[in-house]
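*Asks:* Have a look at this one.
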Amino acid sequence: MKPLRKAVLPVAGLGTRFLPATKATAKEMLPVVDKPLIQYAIEEARAAGIEQFCLITGRGKTAIVEHFDVAYELEATLRARGKTEALAMLEGTRIEPGALVTVRQQEPLGLGHAIWCARAFIDEDPFAILLPDDLILSDTPCVAQLAEAYRQTGGNVVAVQEVPREEISRYGILATGETHGNLIEVRGLVEKPPPEKAPSALAIIGRYVLLPEVIGHLARFERGAGGEVQLTDAMARLIGHSPFHGLRFEGRRFDCGDKAGFLEAQIAFALKRPDLAPQVRAFLRRYC
Ligand code: UTP
């Protein structure tokens, strides 16, 4: 079994649910408290032992790449002014030279197509996928939980959670087999089913560990739900050929691609910060 060292982070979506903010700004650069979504995702991947990162970018996303570059003038100014705390904050934006590559997805043809664009990076290795607009608050980073499940099973693992019936048609949904603790055998996968046709209410959240074989299936460019090349459809073709499990992860997930989910994440993350929590608690009491 090959070790998990690579992560693909697709950021080429249009972010239409967050317009007008995303007209000229990348959704993934929206900050939760004081850190952009993309930085949370990179830090989560690193905490799981990931060493190589591939961003799938598109039009208007260059600020994301800038964010992880060395800001030489800013750093020199901060150093000259003795602003050590501010300098330390930039540490999380440092990526080892050569460890971050970007690939352009010229047209947003779907998540499956975005992942296919990373085929040269993935090569023949297992890889994690993180969708940065899914933000997860947990004791153990979600990708680290998936990585552990990958080490146990040697196969594909996706993060799953139960969703309300009215939300089922927004997700990739599992048909389930045997359950072993938090691991659920995947017997089938269907993207955005109507609730009455859904095999369960267990939905895939934006964290995956996949074997490289999925790329061959993506290369068929079959259009699925919404006319897009769906990752779920390609993953479904892996079932029966390599182990495939859903992991009920520990943690709370916020859909930051959605305005209400994004606002909830602000509150939840601010309340975890000792420097902000008392103030935030006080103003929440005033509003509620
Ligand atoms: P979403 O379904 O959230 O789509 O994509 P979106 O375009 O970002 O946002 P909305 O729905 O229009 O508001 C899930 C993830 O897949 C990436 C997105 O950047 C996001 O991380 N994605 C999606 C791509 O990289 N390329 C695509 O063609 C589609």
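The values are calculated or read from the model by the stated rules, or taken from the named source; none is laboratory data. On a predicted model such as this, the values are computed, not experimentally measured, just so you know. We place every Cβ from the backbone using ideal geometry, glycine too, and count neighbours over all the protein chains shown. Ligands, DNA and RNA are excluded from the accessible area calculation, which covers all protein heavy atoms including side chains. Shrake-Rupley method; radii C 1.70, N 1.55, O 1.52, S 1.80 Å.
*Asks:* Given the rule -39500 (n - 2.57) for each run of at least 4 DSSP H residues, summed and divided by the residues of the chain, what is its mean residue ellipticity at 222 nm, to the nearest 500 deg cm²/dmol?
*Replies:* Working: 11 runs with 89 residues, N = 288.
Calculated at 222 nm, the ellipticity per residue is -8500 deg cm²/dmol.
*Asks:* So what are the ³J(HN,Hα) numbers for the range 134-145, from phi and the Karplus equation (6.51, -1.76, 1.60; θ = phi - 60°), rounded to whole Hz, Gly and Pro as x?
*Replies:* Values, residue by residue: 8, 9, 10, 9, 8, 6, 9, x, 4, 5, 5, 5 Hz.
*Asks:* Please list, in order along the range 277-282, the HN-Hα scalar couplings obtained from phi with the Karplus expression 6.51 cos²θ - 1.76 cosθ + 1.60 (θ = phi - 60°), rounded to whole Hz, x for Gly and Pro.
*Replies:* 3, x, 4, 5, 4, 5
*Asks:* Over 18 Å between Cα atoms: which of K27/K259; K23/K259; K61/K192; K23/K61; K83/K272 fall into that group?
*Replies:* With Cα atoms farther than 18 Å apart: K61/K192; K83/K272.
*Asks:* What chymotrypsin sites (Phe, Trp or Tyr not before Pro) does the range 212-270 have in DSSP loop regions with at most 15 other beta carbons within 10 Å?
*Replies:* F221
*Asks:* I would also like to ask the following. In square nanometres and to one decimal, what's the mean projected area of the convex hull around the Cα atoms of the range 1-152?
*Replies:* The orientation-averaged projected area of the Cα hull of the range 1-152 comes to 10.2 nm².
*Asks:* Still on this model: Skipping prolines and chain starts, which residues have an amide H placed within reach, meaning under 5 Å, of the one on Y171, given they are 5 or more residues away or on another chain?
*Replies:* The list, which skips near neighbours in sequence, is K192.
*Asks:* Leaving ligands, DNA and RNA out of it, report the carbon-plus-sulfur percent of the accessible area of the chain at a 1.4 Å probe.
*Replies:* Taking all protein chains in place, the chain shows 52 percent carbon and sulfur surface.
*Asks:* Between the DSSP loop rule and a limit of at most 10 other Cβ atoms within 10 Å, which trypsin sites (Lys or Arg not before Pro) in the range 53-89 are left?
*Replies:* R81
*Asks:* Find how much the distance from E91 to R170 grows on full extension, using 0.36 nm per residue of separation minus their present alpha carbon separation; answer in nm with one decimal.
*Replies:* Numbers: separation 79, 0.36 × 79 = 28.44 nm, distance 3.62 nm.
24.8 nm is the gain from fully extending E91 to R170.
*Asks:* Label-point separation (nm) for M1 and L271, each offset 7 Å from Cα along Cα-to-Cβ?
*Replies:* Distance between label points: 3.6 nm.
*Asks:* Could you tell me which of rounded, prolate or oblate describes the range 132-204, using a ≥ b ≥ c as the square roots of the eigenvalues of the alpha-carbon gyration tensor, with rounded for a/c under 1.5 and, failing that, prolate when a/b is larger than b/c and oblate otherwise?
*Replies:* oblate
*Asks:* Would you mind calculating the gained length between L263 and A219 on full extension (0.36 nm times residue separation, minus the Cα-Cα distance), in nm to one decimal?
*Replies:* Contour length minus the Cα-Cα distance gives 12.1 nm.
*Asks:* At 1.306 mPa s and 10 °C, plugging the Kirkwood radius over alpha-carbon pairs of the chain into Stokes-Einstein gives what diffusion coefficient in µm²/s?
*Replies:* Values: Rh = 19.8 Å.
Roughly 80 µm²/s, to the nearest whole number.
*Asks:* What are the trypsin sites (Lys or Arg not before Pro) within the range 181-288 that DSSP puts in a loop, where the Cβ has at most 15 other Cβ atoms within 10 Å? Provide the component values of the computation, followed by the final result.
*Replies:* Values: sites: R187, K197, R207, R220, R223, R237, R248, R252, R253, K259, K272, R281, R285, R286; in loops: R220, R237, K272.
Hits after loop and neighbour filter: R220, K272.
*Asks:* Turning to a different aspect of this structure: Remind me, relative contact order of the chain in percent, using alpha carbon pairs under 8 angstrom and six or more residues apart?
*Replies:* Computed over the chain, the figure is 22 percent.
*Asks:* Could you state the accessible area per residue of the chain in Å², with a 1.4 Å probe and every protein chain left in place?
*Replies:* Solvent-accessible surface per residue comes out at 50 Å².
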